1. Restricting attention to segment 6-51, report how many residues are under 16 Å from the mean Cα position of the chain (by Cα) and closer than 22 Å to Trp66 by Cβ.
2. Kindly provide the set of residues from segment 37-51 that are over 13 Å from Ala277 (Cβ atoms) and buried (at least 19 other Cβ atoms within 10 Å of the Cβ), ordered by number.
3. Of everything in segment 200-236 that's polar (S, T, N, Q) and surrounded by fewer than 16 Cβ atoms within 10 Å (Cβ to Cβ), which residue is farthest from the ligand (Cβ to nearest atom)?
4. Would you check which residues across segment 375-400 are more than 11 Å from the chain's Cα centre (by Cα) and under 22 Å from Ile114 (Cβ atoms) and list them?
5. Only one of Leu239, Leu306, Leu197 is within 16 Å of the ligand (Cβ to nearest atom), outside the structural domain of Ala184 (by TED's automatic domain parsing) and either in a strand (DSSP E or B) or touching a residue at least 24 places away in the same chain (Cβ under 8 Å) (or both). Can you tell me which?
6. Evaluate segment 71-87: report whether one residue or more is surrounded by fewer than 23 Cβ atoms within 10 Å (Cβ to Cβ), more than 29 Å from Pro309 (Cα to Cα) and hydroxyl-bearing (Ser, Thr, Tyr).
7. Looking at Asp297 and the list (1) within 12 Å of the ligand (Cβ to nearest atom); (2) in a loop (DSSP other than H, G, I, E, B); (3) not aromatic (Phe, Trp, Tyr), which single condition is not satisfied?
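The values are calculated or read from the model by the stated rules, or taken from the named source; none is laboratory data. The model shown is predicted, which means the values in this text are computed figures rather than measured ones. FYI the Cβ positions are ideal-geometry reconstructions off the backbone, even for glycines, and counts take in every protein chain you see.
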Amino acid sequence: MTEPRKVAVVAGNRIPFARQDKTYRHASNSDMLTAALNGLVDRTGLGGQEVGEVVAGAVLKHARDWNMVREVVLGSKLAPTTPAYDIQQACGTGLEAAILVGNKIALGQIDAGIAGGVDTASDAPISVNDRLRNILLDLNRAKTYPDRLKVLARVRPKDVVPEIPRNAEPRTGKSMGDHAALTALEWGITREAQDELAYNSHINLAKSYDRGFQNDLITPYLGLEKDQNLRPDTTLEKLAKLRTVYGKGETATMTAGNSTPLTDGASAVLLSTDEWAQEHGLRPLAYLTHSQTAAVDYVKGAEGLLMAPAYAVPRMLARAGLTLQDFDYYEIHEAFASQVLSTLKAWEDPIFCKERLGLDAPLGEIDRDKLNVNGSSLAAGHPFAATGGRIVAALAKQLDENGGGRGLISICAAGGQGVVAILEK
Ligand SMILES: CC(=O)CC(=O)SCCNC(=O)CCNC(=O)[C@H](O)C(C)(C)COP(=O)(O)OP(=O)(O)OC[C@H]1O[C@@H](n2cnc3c(N)ncnc32)[C@H](O)[C@@H]1OP(=O)(O)O
């Protein structure tokens, strides 16, 4: 077996993220992923060329999009001979796509590949209930006109009520926010701490736009040039006034300001070997060096729904021979401010680290000045599968700009899962 090859993150591109039912109201997942992909192809001069694979996905997609990513490639500026396939790991999708591409590069199966993700909260895949579905299937089977009429006569008004996907866990019926509220309560996460994290996210993202950091990470789309959820004028006072939306009574702390908004958007990231990058006149921004996934049993309440990264990170650190403090940047996806803070508090807690992680000592604190330095999902928004690509591209660029260093990526996902990775330069 030959040594694994280094996996370079070469470039990234996304469209600005839009709030649900706003600018991208009429854009489909395929439209948005094509825009993100074509922007990356233009930026890297890959028009008409083939890459090893394109791997991407959407958390919510229409049944007609069963081969979405390959169809997107066929409609893109890449060569039509580029293989492509869909993956889905809830909010971990974009990062998992980068890991899959990276692993194939490391093993010598491909020299370059593109990882991506897309989601629309505006163009939700509405379905019909099982009764109407069975009637429609029978209608398709009916051979004669009278037979069809007989089948149609079975339709009742209640059958035509559409089923809209809920942002909830199928096994508990609770929304992600309700789950996060339970975890916030368990860890004693205050409203003030959540609002401060949300405030920093907006300020850091606004600063990153101001200093031009986002210029070669984003391609404007449908007239939108910046993330639509960004509020550079937000203040702690304004955040403190918002009503709570998850949790109950006096213990409720989560608001629209410290929870991610429902969002539309897409992202794409180019990964390759050093040699491939050089041959194509490109250069590595950073290297994808480690990754890990974990899952927790949130169904029986053994752990909080969004706490899997708290388990994945120490496992990855142990394999990498690193401590939690060995990083210059921490990119912790802000599904909810409370979930970031619960994770950080768990890593500082000796009992959690001993009893749940099996460690002799707590992982300890991180330097908060190194956390989400260019803003994260609370400010940018969170089009589920597109978030991983946003983070990988921004962190790689930040490490490059810094002239080197190491960054930790941590993404919580529905179903009690976590996907984490390390980028280094
Ligand atoms: C899926 C996975 O695998 C894992 C994950 O990541 S889990 C995370 C998944 N994502 C979610 O669950 C998304 C959850 N978010 C939502 O459902 C909704 O955004 C929400 C219920 C939290 C809020 O919805 P909403 O009430 O419609 O929000 P919105 O109208 O935008 O904001 C309410 C108010 O707060 C204000 N506001 C929001 N953020 C603000 C800020 N930063 N500063 C000042 N004001 C703000 C708005 O201006 C608005 O004020 P008005 O009512 O005066 O207009």
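1. 4
2. Correct list: Leu37, Asn38, Gly39, Leu40, Val41.
3. Applying the filter and picking the extreme gives Asn215.
4. Result: Ala380, Ala393, Ala394, Leu395, Ala396, Lys397, Gln398, Leu399, Asp400.
5. One residue alone meets the criteria, Leu239.
6. Yes - at least one qualifying residue is present in segment 71-87.
7. Looking at each condition in turn, Asp297 falls short on (1).
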